[in-house]
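The values are calculated or read from the model by the stated rules, or taken from the named source; none is laboratory data. Everything numeric here is computed off the predicted structure, so don't read it as measured data. So basically every Cβ, Gly included, is an ideal-geometry build from the backbone, and we count neighbours across all protein chains shown. These accessible areas exclude ligands, DNA and RNA; they are computed on the full protein's heavy atoms, side chains included. Shrake-Rupley method; radii C 1.70, N 1.55, O 1.52, S 1.80 Å.
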Amino acid sequence: MEILSKTLEVGIKGKAYPIHLGSSLGLKVRSVIQKILDSGRKVCVVTDENLKVSQASFINQCFDGCSICVLPAGETTKSMHYLGKTFDFFCDQGLGRNSVLIAFGGGVIGDLTGYAAASYLRGIDFYQVPTTLLSMVDSSVGGKTGINISGGKNLVGAFYQPEAVFIDTDLLSTLPPREFSAGMAEVVKTGLLGNKELFDKLVLMGKLSDKHPDLVSVITACCVLKSTVVSEDEREMAHSGGRALLNLGHTFGHAIENVTGYGAYLHGEAVAIGLVMAKNLSIRCGYSLEGLSESLVNLLQLYQLPLSLKEPLPLESLMKSMFSDKKTRNGKLRFVLLRNIGDAITKEGIDEKMIEEIWRAGGAK
Ligand SMILES: NC(=O)c1ccc[n+]([C@@H]2O[C@H](COP(=O)([O-])OP(=O)(O)OC[C@H]3O[C@@H](n4cnc5c(N)ncnc54)[C@H](O)[C@@H]3O)[C@@H](O)[C@H]2O)c1
């Protein structure tokens with residue numbers, strides 16, 4: 001089978017790695033795994049119950065000779081409980097310091113496996129093979145790994161970069177449409193942060209799908225933006241701007257996920273509402289966003305993404321959750337605001353009353 005792929009590089013200092021991107025990448029993945037197995041190292045694939053069924057042929061083609069740890073699907077798997085189960089599996093399989101993990105799944109599997117790789121035996125190698133649009137355009141790149149705890153989303157984790165990322169767009173053929181749409185929220189976020197050319201492309205190209213001719217170029221644009229940003233500020237330490245800009249809409253979105261117990265909203269759906277709120281907050285802070293506001297809403301609607309809370313949620317809980325989010329600095333909330341397409345800033349010290357107004361407009365009570 002012809003392999004159609006390109007390779008991008010994530011230029012993190014001391015840990016550069018490739019992103020192989022295209023279709024029909026199974027043979028490429030297999031050849032990398034075969035080399036590892038031939039060198040006597042063990043390989044363990046971490047995946048979820050849905051993928052075990054829907055991507056059985058990819059699993060058979062690529063992961064023969066590997067042990068396979070199958071976890072339940074869904075956000076609640078990104079937890080201490082399942083992290084512990086995963087470590088137990090590694091021990092049972094006799095994984096050692098030179099063993100290798102493969103994260104084969106969406107952002108949940110990628111984040112959890114990455115963190116397991118960072119902490120098992122104080123760190124072993126891992127590869128990302130993302131299977132959702134969201135994980136292809138965002139979570140598999142950049143090395144943020146972690147799990148949720150009751151206090152908040154992604155509050156326990158590590159910056160830990162993979163050895164390589166394999167983005168095979170053929171894997172999207174089995175992804176449910178609601179999950180594809182959720183991934184589009186992060187694509188739209190990237191469009192807003194990126195540049196007018198990318199955002200206009202999203203507006204003009206019609207509805208993206210796994211068969212759309214622009215799919216690879218859109219994923220490429222997202223990976224290029226993300227890898228550029230994380231290469232410059234891997235650990236989100238920049239005093240202003242930097243990697244924190246990738247959190248556009250996420251301070252609101254994470255609070256929605258946390259307050260609803262990580263089930264009612266997919267991550268991307270919560271981010272979509274968060275993008276609308278971030279846009280509204282930007283306007284309240286004096287940035288006019290002429291024209292952009294309408295295009296953003298139209299784009300999110302095109303993918304049936306929510307623009308406001310489906311059911312009212314208590315304002316007090318949402319505000320409390322925001323304050324326990326790791327995006328606070330010295331106890332102050334930090335927001336990403338848009339001044340225009342491709343022109344975002346981080347801002348602290350916004351009046352809490354204004355934030356509450358934005359929540360109420362979005363359906364909080
Ligand atoms: N690390 C980062 O930088 C980063 C960035 C953005 C989001 N995230 C995290 O990513 C997570 C969300 O990831 P997600 O949206 O990929 O969700 P997910 O991992 O839960 O996957 C979504 C669902 O689709 C199923 N699925 C996955 N691939 C499939 C395929 N090819 N065919 C059929 N079914 C498939 C899964 O079983 C699951 O039910 C959140 O926890 C979020 O915090 C992390």
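Worth a mention:
- Residue check, residue 60 assigned by TED's automatic domain parsing to the domain that holds residue 122 and either surrounded by 17 or more Cβ atoms within 10 Å (Cβ to Cβ) or outside any helix (DSSP H, G or I) (or both): no
- Residue 14 being touching a Leu at 6+ places or on another chain (Cβ under 6 Å) and either assigned by TED's automatic domain parsing to the domain that holds residue 170 or at pLDDT 95 or above (or both): no
- Any chance residue 169 is open to solvent by 50 Å² or more (accessible area, probe 1.4 Å), within 11 Å of the ligand (Cβ to nearest atom) and either in contact (Cβ under 8 Å) with a residue 60 or more places away in the chain or out of contact with any Lys or Arg (no Cβ under 9 Å at 6 or more places or on another chain) (or both): no
- Scanning segment 138-152 for residues that are within 6 Å of the ligand (Cβ to nearest atom) and not polar (S, T, N, Q), we see that the one that is least open to solvent (accessible area, probe 1.4 Å) is 142.
- The set of residues in segment 232-257 that are within 11 Å of the ligand (Cβ to nearest atom), part of a helix (DSSP H, G or I) and not small (Gly, Ala, Ser) comprises 243, 246, 247, 250, 254, 257.
- Among the residues of segment 296-334, those identified as buried (at least 19 other Cβ atoms within 10 Å of the Cβ) and either farther than 14 Å from residue 244 by Cα or modelled with pLDDT of 95 or more (or both) are 296, 299, 300, 303, 305, 306, 309, 313, 318, 321, 322.
- Residue satisfying all of: in segment 183-206; closer than 14 Å to residue 224 by Cα and outside any helix (DSSP H, G or I); modelled with the highest pLDDT among these: 194
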